[in-house]
Amino acid sequence: MSGPVAARLYDDHVDAIYGYVARRLGPELAVEVVAEVFEQALRTHERRSAKATDRGWLLALATALLRRHGATECRRLENWAAEHGTASSTPRDPLLPAGDAGDTEIAVAMRAAAELDPVDRDLLFLAAWEHCSTSEAAEATGLTPAAVRTRMNAIRKELKRLAVAGRHRDAGYDA
Amino acid sequence: MPPIARRHLREHLFDIATRSHTSLGDPHVNAPNTARANAARLAALALLGVIGVGGLAYSATRGTGANDATPIPDTTVSPTVGPTTVPVTVLQPPPPTAAPTTTTEPVPGSADTPLLLPEQRRPLDELTVVRRALGGSSLLLRAPDLSTIALRERDGVAPPPPSPPSTDAAGEPLPTIPPRIVGTMEVVQGDAGMYDVAVPCGSLEIRERPDVEPFRPELVQLLSAMSLDGGAINIPLPEGWGVIGAGPSTDEFTFGLPIEIGGNDVTVRLAQFPDGNLAVAGFGSGQYSPTTFLGQPAWISRDLDEPDHLEVIGMVGTTAYRVGADGIATTELEAVMESLVPGDIDEWITRFGAIPPATDPDIRLCAQQPEFAVTAV
């Protein structure tokens with residue numbers, strides 16, 4: 001890959017890749033991971049699939065690297081959930097700002113996401129945060145589009161189950 | 001991503017890509033080194049040999065007049081002694097037809113390579129591109145006391161009407177500095193050494209040394225000589241005044257190059273103005289005096305408040321520059337400049353990213369756009 005081609009690839013996609021990684025690992029670690037993504041892209045561009053889009057290919061590289069940081073990501077999700085409130089059994093204060101209530105809901109979802117299978121977590125964040133299409137999510141995770149659709153259905157059910165269990169746990173009930 | 005991290009990473013990747021691309025080259029298109037390919041090469045060589053021997057034999061039978069249409073230099077060797085031999089014609093190689101390799105060295109400050117860039121791709125401390133102000137221009141003057149006064153005009157719409165004075169908590173208007181009329185010019189004093197002159201459209205700014213009293217005699221002398229004629233800013237230069245530089249606003253490419261001098265980290269800041277002039281490079285409160293830099297006439301500024309700081313403006317070809325740093329000697333600054341290599345705008349874009357678009361000031365509603373008209377008295 002020539003310098004100008006590499007520069008264009010970087011300019012076109014660095015923001016998206018950084019956003020994806022930073023949302024999952026935090027900004028400090030994200031710079032390091034993004035650097036690794038693009039270095040790998042330079043090293044392996046000859047082996048990439050001819051069908052892969054640039055974005056899907058880079059997301060795939062990023063997703064593979066993110067898996068190395070699975071523990072960090074789960075810890076971050078748990079911390080985020082702890083900091084931004086927990087689901088409570090007490091009725092929501094009608095004067096509570098909407099943002100706080102939203103945070104509580106997101107906290108439940110974050111905790112649930114931390115408990116997902118790593119590949120399912122990848123799919124969830126690619127779809128929810130990066131607005132990836134089924135085919136892009138398939139490219140990024142190495143699954144077939146059909147498998148992505150199947151897993152996404154399963155993820156929705158699993159998240160619902162984990163969220164309900166999380167609320168119950170926070171409220172002091174047995175899950 | 002933080003801009004500095006983003007830029008450093010871009011530089012790093014560009015460097016890797018460029019080095020690997022140039023060291024490995026593009027994908028090879030040579031025939032593969034297989035048994036089949038080798039056999040084909042041997043067959044081709046044999047065929048060439050047969051043709052060559054046949055050609056020689058044919059030439060020998062036809063004698064030297066074998067090709068009358070294309071005279072061949074007479075290289076016939078006539079043996080003088082020995083047994084009877086057949087004259088041998090040695091075919092001469094055709095004259096070279098390939099164009100000679102005339103790679104021209106890039107010329108610093110030329111139209112093709114107007115910029116100076118660090119040879120090695122390395123992280124830079126600062127990187128900005130400021131697009132030219134369309135219709136704007138600058139003027140750098142030297143007063144009789146050898147101080148420097150810089151002026152800059154920019155096109156634009158008519159200035160807004162003055163806003164009502166600010167009031168304090170009790171609703172009483174706060175005191176403001178009223179504009180001062182000098183000659184026919186209406187001047188508003190800003191921070192030390194900064195003045196705005198009222199013009200029908202756009203703006204006219206004056207910058208001079210900040211460590212002197214406001215409206216010092218030299219400034220008043222200049223303002224008194226100035227007059228407005230529609231958009232034209234007439235400046236008949238009084239006796240003893242000189243022009244260091246003048247010209248239109250141009251794009252400004254700036255980078256900060258971190259270097260180490262005597263164990264200290266120093267950042268050399270270089271601003272370049274392709275097709276520029278000394279006035280656009282030297283606009284500000286810097287007080288310049290003539291010097292020789294890089295073997296060329298240039299202007300050097302040393303700030304009285306920051307004696308460690310050194311700044312030089314000059315020209316490399318058609319590119320104006322302003323280079324400066326703290327804690328650096330002139331010779332060291334020259335050495336840094338000499339270490340840079342010529343580059344073009346495309347290289348800047350490839351290495352550092354796209355440059356911002358130039359904005360066109362909306363001048364449709366205001367016809368009398370400012371323009372300097374300097375004359376010597």
query = Of (1) modelled with pLDDT of 90 or more; (2) over 22 Å from residue B:138 (Cα atoms); (3) basic (Lys, Arg), residue B:322 satisfies all except one. Which?
reply = (2)
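If we scan the range B:143-165, do we find a residue that is in a strand (DSSP E or B) and in contact with a helix residue (DSSP H, G or I) (Cβ under 6 Å, 6 or more places away or on another chain)?
Step one: filter the range B:143-165 for residues in a strand (DSSP E or B), giving B:148-154.
Those left that are additionally in contact with a helix residue (DSSP H, G or I) (Cβ under 6 Å, 6 or more places away or on another chain): none.
The answer is no, given that none of the residues of the range B:143-165 is in a strand (DSSP E or B) and in contact with a helix residue (DSSP H, G or I) (Cβ under 6 Å, 6 or more places away or on another chain).
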request  = With respect to residue A:55, determine if the residue is modelled with pLDDT under 85, closer than 25 Å to residue A:145 by Cβ, surrounded by 13 or more Cβ atoms within 10 Å (Cβ to Cβ) and touching a helix residue (DSSP H, G or I) at 6+ places or on another chain (Cβ under 8 Å).
outcome  = no
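I'd like to check which helices (runs of 4 or more DSSP H) are fully inside the range B:259-377 and have at least 1 residues that are within 14 Å of another protein chain (Cβ to nearest Cβ). First the steps, then the outcome.
Working: elements: B:278-281, B:330-338, B:345-352.
Those helices (runs of 4 or more DSSP H) span B:345-352.
Within the range B:177-241, which strands (runs of 3 or more DSSP E) (wholly inside it) include 3 or more residues that are surrounded by 19 or more Cβ atoms within 10 Å (Cβ to Cβ) and out of contact with any helix residue (DSSP H, G or I) (no Cβ under 7 Å at 6 or more places or on another chain)? If you could, list the steps in order and put the result at the bottom.
Working: elements: B:180-182, B:185-189, B:194-197, B:203-207, B:227-229, B:232-237.
Where strands (runs of 3 or more DSSP E) fall fully within the range B:177-241 and carry at least 3 residues being surrounded by 19 or more Cβ atoms within 10 Å (Cβ to Cβ) and out of contact with any helix residue (DSSP H, G or I) (no Cβ under 7 Å at 6 or more places or on another chain), they are B:203-207.
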remark   = Being farther than 30 Å from residue A:11 by Cα, exposed (fewer than 15 other Cβ atoms within 10 Å of the Cβ) and touching a Cys at 6+ places or on another chain (Cβ under 8 Å) narrows B:329, B:367, B:376 down to just B:367
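From the list A:27, A:4, pick out the single residue that is within 10 Å of chain B (Cβ to nearest Cβ), surrounded by fewer than 19 Cβ atoms within 10 Å (Cβ to Cβ), free of Cβ contacts under 8 Å to residues at least 12 places away in the same chain and touching a helix residue (DSSP H, G or I) at 6+ places or on another chain (Cβ under 8 Å). Step through it out loud before you land on a result.
Values: A:27 fails: touching a helix residue (DSSP H, G or I) at 6+ places or on another chain (Cβ under 8 Å).
Among A:27, A:4, only A:4 is within 10 Å of chain B (Cβ to nearest Cβ), surrounded by fewer than 19 Cβ atoms within 10 Å (Cβ to Cβ), free of Cβ contacts under 8 Å to residues at least 12 places away in the same chain and touching a helix residue (DSSP H, G or I) at 6+ places or on another chain (Cβ under 8 Å).
Going by the structure shown, is residue A:45 surrounded by 12 or more Cβ atoms within 10 Å (Cβ to Cβ), closer than 30 Å to residue A:164 by Cα and modelled with pLDDT under 90?
Numbers: surrounded by 12 or more Cβ atoms within 10 Å (Cβ to Cβ): yes; closer than 30 Å to residue A:164 by Cα: no; modelled with pLDDT under 90: yes.
No; evaluated as a whole, the condition is false for this residue.
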inquiry  = Let me confirm something: among A:35, A:50, A:62, which residue is crowded, with 21+ Cβ neighbours inside 10 Å and either modelled with pLDDT of 85 or more or away from chain B (no Cβ under 13 Å) (or both)?
reply    = A:62
query = Residues in the range B:238-245: is at least one farther than 25 Å from residue B:200 by Cβ, more than 31 Å from the chain's Cα centre (by Cα) and among the small types (Gly, Ala, Ser)?
reply = yes
remark   = Residues of the range B:274-290 being without any contact (Cβ under 8 Å) to a residue 60 or more places away in the chain and surrounded by fewer than 15 Cβ atoms within 10 Å (Cβ to Cβ), in sequence order, are B:290
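Restricting to the range B:348-377, name every residue that is of a type in the set (Asp, Glu) and over 18 Å from residue B:227 (Cβ atoms). Full working, then the answer.
Within the range B:348-377, the subset of a type in the set (Asp, Glu) is B:360, B:362, B:371.
Listed by number, the residues that qualify are B:360, B:362.
Any residue that is more than 17 Å from the chain's Cα centre (by Cα) and either surrounded by fewer than 22 Cβ atoms within 10 Å (Cβ to Cβ) or assigned to a helix (DSSP H, G or I) (or both) - is there at least one of those in the range A:15-22?
We begin by selecting, within the range A:15-22, every residue more than 17 Å from the chain's Cα centre (by Cα); these are none.
No, that holds for no residue.
The values are calculated or read from the model by the stated rules, or taken from the named source; none is laboratory data. In this text, all values refer to a predicted model and were calculated from it rather than measured experimentally. Positions of Cβ are backbone-derived with ideal geometry, glycine not excepted, and every protein chain shown enters the neighbour counts.
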